[in-house]
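The values are calculated or read from the model by the stated rules, or taken from the named source; none is laboratory data. Note that the structure is a prediction, hence the values are computed from the model and not measured. So basically every Cβ, Gly included, is an ideal-geometry build from the backbone, and we count neighbours across all protein chains shown. Heavy atoms of the whole protein, side chains included, go into the accessibility calculation; ligands, DNA and RNA do not. Shrake-Rupley method; radii C 1.70, N 1.55, O 1.52, S 1.80 Å.
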Amino acid sequence: MAAKQQVECVKEGNYIRVPKGLVNVIVDETKISGVDPKGEATIYRGYTIEDIGEHASFYEATHLILYGRLPCDEELKEIKAKIDKYRGMVPEKIFDALKYVPATHPMYYGIYGVSLLGQYYAPDWRFDEDFLYDHALRVTAQLPVIFAAGWHLARNGTFYRPDPTKDHAWDVLRMIIGREPSEIEARAFESTLVLYMDHGFNASTFTVRVIASTLSDLYSAIAGGIAALKGPLHGGANEKAMEMFLEAQQKAEAKGVPLYEYIEEYIKEKLAKKEKIMGFGHRIYKLHDPRTDVAKKYVEKLKNGDYWMKVIKKAEEVMWNEKKIPANIDLYTGVLYYQLDIPIPMYTPIFAMGRVVGWSAHYIEQVLNNKLIRPTEKYVGPTGLKYVPLEERCKK
Ligand code: CMC
């Protein structure tokens, strides 16, 4: 029988042993985002995540997350001008390098591309605030261009260049789907970037903070964040959720029933096999993920909205009845990006295009009040072994 999992901190000599997965462990303070002290809402710098997700533009939310307040007129003009200008300034040699990437998962293009950006911008890395904020805006503006260019270059040998005269979210979506999005499509996409922008000490943000704590540069830290986000238990879930719906849809078609009628049987079969249903469950939200309320409004308005909402509602009902587990944002964004004609492997890169703002804010918060993050371990392997030369070691 598996050992019972430790759920509380335990004192062991001079050390404190924390639960596996750091469940319920507070590792530091932050003013950027998190669950409010009453444990009732997730907040972005004092505002609820759904308020900002519903109302703020990408520029406003970026200003809020980075600088701690919503911008006034002049500040908004300034941040918009910088992000749009930097979007058009990705060094040409980075596009040249991306011509040689194979058609693999585009999260690799982000890791590769951001480390190339670091090679341009980071050699003389400094820790003064103006410099740090300027680079936060550069990487925010340029990471989406790298993802979109890498995707198209690897598959078609060509790509859509950024247009700095256009709105960031609209232009990024255009570079991904290769056509001009409608107003509602661009706003739906923009709101998901805002909803993804930050989320406390999630796995990728914590990774960024660990790298920042070594006083490495922002670009290296963001590369680590992208790598952590790639996993299916974190950002990768939006792709997996949509793949699951498409697999179920094929099965439903073979049976001649609509997906919203078949999804119950499909989910129950998976649960019976002890499989996880992607797009459900969360370390923090055990009853409801508030981000889904905002994303839902856009799913309803986009292509085949009624159909997809019927599928989602049924899936939610089954998961609640069977497991008492609510949907998370990735279930909704998976469907929303499908409605926008975005290729499925680009869903997690889009998560990164929003989260890069939060990563940058956490990088800055960490380095401006730094302590190297270096926990210790409990070694449970053998001791006292002695090196034996190869000829003697492998004798029968
Ligand atoms: N489907 C089926 N069972 C689930 C699911 C799910 N999606 N999520 C949790 N459970 C069960 C799990 O099997 C376990 O059951 P038991 O106690 O019988 O072993 C119990 O619920 C607790 O799950 P856990 O994985 O130990 O809980 P956690 O807090 O470590 O997990 C999670 C959080 C997000 C890793 C998990 O819910 C999961 O794997 N979900 C699917 C992946 C997913 O959608 N991830 C996106 C998260 S939201 C975006 C982001 O912020 O990254």
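Loop-located GluC sites (Glu not before Pro) in the stretch 1-71 (DSSP state other than H, G, I, E, B) with a sparse environment of at most 16 neighbouring Cβ atoms within 10 Å: 8, 29, 40.
Averaged per residue, the stretch 213-294 has 47 square angstrom of accessible surface, using a 1.4 angstrom probe with ligands and nucleic acids left out. Maximal additional length on extending the residue 301-residue 368 stretch stands at 19.9 nm, based on 0.36 nm per residue less the C-alpha distance.
Gap in Å between the Cα centre of the stretch 49-98 and the Cα centre of the stretch 313-365? Answer, in whole Å: 21.
In this calculation the C-beta distance from residue 179 to residue 249 is compared with R0 = 25 Å, giving a FRET efficiency of 0.55. When the P(r) of the chain is calculated, the portion above 42 Å amounts to 17% of the C-alpha pairs.
Residue 30 exposes around 50 Å² of accessible area when a 1.4 Å probe is run over every protein chain in place.
Multiplying the residue separation of residue 283 and residue 10 by 0.36 nm and removing their Cα-Cα distance gives an extension gain of 96.2 nm. Taking a Cβ cut-off of under 14 Å around residue 114, the surrounding Lys, Arg, Asp and Glu residues balance to a net charge of +2, with basic ones at +1 and acidic ones at -1. With K and R counted +1 and D and E -1, the other residues having a Cβ less than 13 Å from that of residue 278 yield a net charge of -2.
Computed on protein heavy atoms with a 1.4 Å probe, the accessible areas place 43, 263 in the order 43, 263, largest first.
Shown for the stretch 56-169: lysine pairs separated by 8 or more places, or found on different chains, whose C-alpha atoms are under 24 Å apart, numbering 9. Accessible area per residue for the stretch 147-202 is 34 Å², calculated with a 1.4 Å probe on protein heavy atoms, without ligands, DNA or RNA. The GluC sites (Glu not before Pro) found in the stretch 261-351 that occupy coil by DSSP, while having at most 15 further C-beta atoms within 10 Å, are 275.
Taking trypsin sites (Lys or Arg not before Pro) across the stretch 10-115, the ones in a DSSP loop with at most 16 further Cβ atoms lying within 10 angstrom of their Cβ are 31, 38, 69, 99.
Three principal axis extents of the stretch 71-179 based on alpha-carbon atoms, in descending order, are 41, 34, 20 Å.
The ellipsoid that matches the Cα gyration tensor of the stretch 131-181 has semi-axes, each √(5λ) in whole angstrom, of 21, 14, 7, with the longest given first. Computed from the C-beta positions of residue 104 and residue 158 and an R0 of 25 Å, the FRET efficiency is 0.85 to the nearest 0.05.
Pairs 240/371; 270/314; 296/324; 31/378; 273/314: which are spaced more than 26 Å apart, C-alpha to C-alpha? From 240/371; 270/314; 296/324; 31/378; 273/314, over 26 Å: 240/371; 31/378.
Per-atom-type breakdown for the chain gives carbon and sulfur 54% of the accessible area (1.4 Å probe, protein chains only).
Contact order for the chain, expressed relative to its length and based on alpha carbon pairs under 8 Å spaced 6+ residues apart, stands at 20 percent.
The accessible-area ordering, largest first, of the residues 324, 274, 396 stands as 396, 274, 324, per a 1.4 angstrom probe. Ligands, DNA and RNA excluded, the heavy atoms of residue 163 present near 40 Å² of accessible surface to a 1.4 Å solvent probe. For the chain, the Cβ-based charge dipole about the Cα centre amounts to some 1640 debye (Lys, Arg positive; Asp, Glu negative; other atoms uncharged). Each other residue within a Cβ distance under 12 Å of residue 361 adds +1 if Lys or Arg and -1 if Asp or Glu, for a net charge of +2.
Relative intensity of the stretch 237-339 on a log10 scale, I(q)/I(0) at q = 0.11, 0.13, 0.18 Å⁻¹, equals -0.29, -0.41, -0.81, per a Debye sum over C-alpha point scatterers of equal strength in the absence of solvent.
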